[in-house]
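The values are calculated or read from the model by the stated rules, or taken from the named source; none is laboratory data. Model, not experiment: these values are computed from the prediction. FYI the Cβ positions are ideal-geometry reconstructions off the backbone, even for glycines, and counts take in every protein chain you see.
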Ligand code: UD1
Ligand code: UDP
């Protein structure tokens, strides 16, 4: 069995690390060709994950990144098309909802190579998000759809995807959280900040970073935060803040993006999480922390239903109220995202 895995953005390195490790351990006769599209390219957005999560060096690096969605997807598509012809894989494996996901799925489907999609069926129902377009299109060309939840399964069924292709397997990010939690590492700079209790924040979603009014709302909310805020700053956000001449309030300690092991430490030790990230919303829950989500909707609706997550958009008052309320709310942690055996189930289905 020869698998060609396409990754390119930060959350995909983390998801793929967990799958690739199990693949090498349990299916030593299989061969995984790892393709890095280059979508994320800074050392702290890419190399750090390969180093600390022991991901094998990519077999191919496409060097595509930094362009518009159309440029990125188009350039990746052309290069992946040639690679798939050259490598002749039995399956192409894609993760999540980035431009790399769509390029991998589309290139494979056009060459009649079966596509397996990890994290299938997520929907925000907001077609203005580039991720929503990537998800819908990827799901509709995929042959094997690994849905993390029953909600995701139902989304696919409603869109007419054949039941036989959909498998609810839980979330590989939960497997990753369980595996890496004991390896979590305190960032070297943390003690010098002398923070005491803190909120952990990430912001990078295009609908926020590309809209100065939304960014102003977020910054105004963070300025009134009841806790100091640690903000590992995504390069996209750093650039957009500079472009809009927006400064960070005194309540915020901005740091460079951190590696996953440091991120897990921060998530485990903060009082609450404030984010517009998909992955970080779930990780807050995995580590028992309430989450204030800086979006108008979420794909991870079950987190809101159990009271672990409150959607506040980008309105200053709602952000401050959310940060004060969720702290008191508390929620029942349970196994919304499977039992930590998602990777095992994915491999069983791929290797039938
Ligand atoms: C992408 C994904 C998003 C995912 C996020 C994870 C798409 C459409 N979006 O968003 O779903 O949640 O990754 O973090 O695929 N940049 C750098 N250095 C880097 C990476 C990015 O400077 O290493 C800057 C560049 O200016 C780049 C911009 O960030 O143009 C946006 O990068 P891009 O990968 O297109 O989108 P993200 O916002 O990172
Ligand atoms: N993450 C990280 N360092 C950071 C910020 C996030 O390792 O500085 C991890 C985070 O723990 C999660 C993943 O990156 O596993 C989420 O990626 P991101 O928020 O960029 O994308 P999304 O999940 O929204 O697609």
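Hey, which of the strands (runs of 3 or more DSSP E) in region 151-240, taking only ones fully inside, have at least 1 residues that are more than 22 Å from residue 99 (Cβ to Cβ), within 12 Å of ligand 2 (Cβ to nearest atom) and modelled with pLDDT of 95 or more? If you could, list the steps in order and put the result at the bottom.
On the way: elements: 166-168, 199-202, 229-232.
Fully inside region 151-240 and qualifying: 199-202, 229-232.
Tell me, which residue of region 325-337 that is in a loop (DSSP other than H, G, I, E, B) and at pLDDT below 95 is surrounded by the fewest Cβ atoms within 10 Å (Cβ to Cβ)?
Here is the first cut: in region 325-337, the residues in a loop (DSSP other than H, G, I, E, B) are 330-337.
Narrowing the set further to residues that are at pLDDT below 95 leaves 330-336.
Working: 330: 11, 331: 17, 332: 7, 333: 12, 334: 10, 335: 9, 336: 21.
The selected residue is 332.
Here are some conditions: (1) out of contact with any strand residue (DSSP E or B) (no Cβ under 6 Å at 6 or more places or on another chain); (2) within 21 Å of residue 151 (Cα to Cα). Residue 121 meets all but one. Which one does it not meet?
Checking residue 121 against (1) out of contact with any strand residue (DSSP E or B) (no Cβ under 6 Å at 6 or more places or on another chain); (2) within 21 Å of residue 151 (Cα to Cα), the one that fails is (1).
With respect to residue 116, determine if the residue is surrounded by 20 or more Cβ atoms within 10 Å (Cβ to Cβ), away from ligand 2 (no atom under 16 Å from the Cβ) and in a strand (DSSP E or B).
Details: surrounded by 20 or more Cβ atoms within 10 Å (Cβ to Cβ): yes; away from ligand 2 (no atom under 16 Å from the Cβ): yes; in a strand (DSSP E or B): yes.
Spelling it out, residue 116 is indeed surrounded by 20 or more Cβ atoms within 10 Å (Cβ to Cβ), away from ligand 2 (no atom under 16 Å from the Cβ) and in a strand (DSSP E or B).
Being within 26 Å of residue 140 (Cβ to Cβ), free of Cβ contacts under 8 Å to residues at least 60 places away in the same chain, more than 14 Å from ligand 2 (Cβ to nearest atom) and crowded, with 20+ Cβ neighbours inside 10 Å is the requirement here; does residue 73 meet it? Talk me through it step by step, then tell me what you get.
Numbers: within 26 Å of residue 140 (Cβ to Cβ): yes; free of Cβ contacts under 8 Å to residues at least 60 places away in the same chain: yes; more than 14 Å from ligand 2 (Cβ to nearest atom): yes; crowded, with 20+ Cβ neighbours inside 10 Å: yes.
It is true that residue 73 is within 26 Å of residue 140 (Cβ to Cβ), free of Cβ contacts under 8 Å to residues at least 60 places away in the same chain, more than 14 Å from ligand 2 (Cβ to nearest atom) and crowded, with 20+ Cβ neighbours inside 10 Å.
If residue 310 passes every condition in (1) more than 15 Å from ligand 2 (Cβ to nearest atom); (2) assigned to a strand (DSSP E or B); (3) surrounded by 23 or more Cβ atoms within 10 Å (Cβ to Cβ) but one, which one does it miss?
(3)
Starting from region 192-207, take each residue that is under 18 Å from residue 319 (Cα atoms) and list its partners that are exposed (fewer than 13 other Cβ atoms within 10 Å of the Cβ), counting only C-beta distances under 7 angstrom and pairs at least six apart or across chains.
As it stands, the answer is 207/128, since those pairs meet every condition given.
Out of (1) farther than 22 Å from residue 103 by Cα; (2) within 12 Å of ligand 2 (Cβ to nearest atom); (3) surrounded by fewer than 16 Cβ atoms within 10 Å (Cβ to Cβ), what's the single condition that is false for residue 43?
(2)
Could you tell me whether any residue of region 25-40 is in contact (Cβ under 8 Å) with a residue 12 or more places away in the chain, assigned to a helix (DSSP H, G or I) and more than 22 Å from the chain's Cα centre (by Cα)? Break it down into steps so the answer makes sense when it comes.
At the first step, the residues of region 25-40 found to be in contact (Cβ under 8 Å) with a residue 12 or more places away in the chain are 26-27, 29-40.
Remaining after also requiring assigned to a helix (DSSP H, G or I): 26.
If we keep only those that are more than 22 Å from the chain's Cα centre (by Cα) as well, we get 26.
Yes, there is a match, as at least one residue in region 25-40 is in contact (Cβ under 8 Å) with a residue 12 or more places away in the chain, assigned to a helix (DSSP H, G or I) and more than 22 Å from the chain's Cα centre (by Cα).
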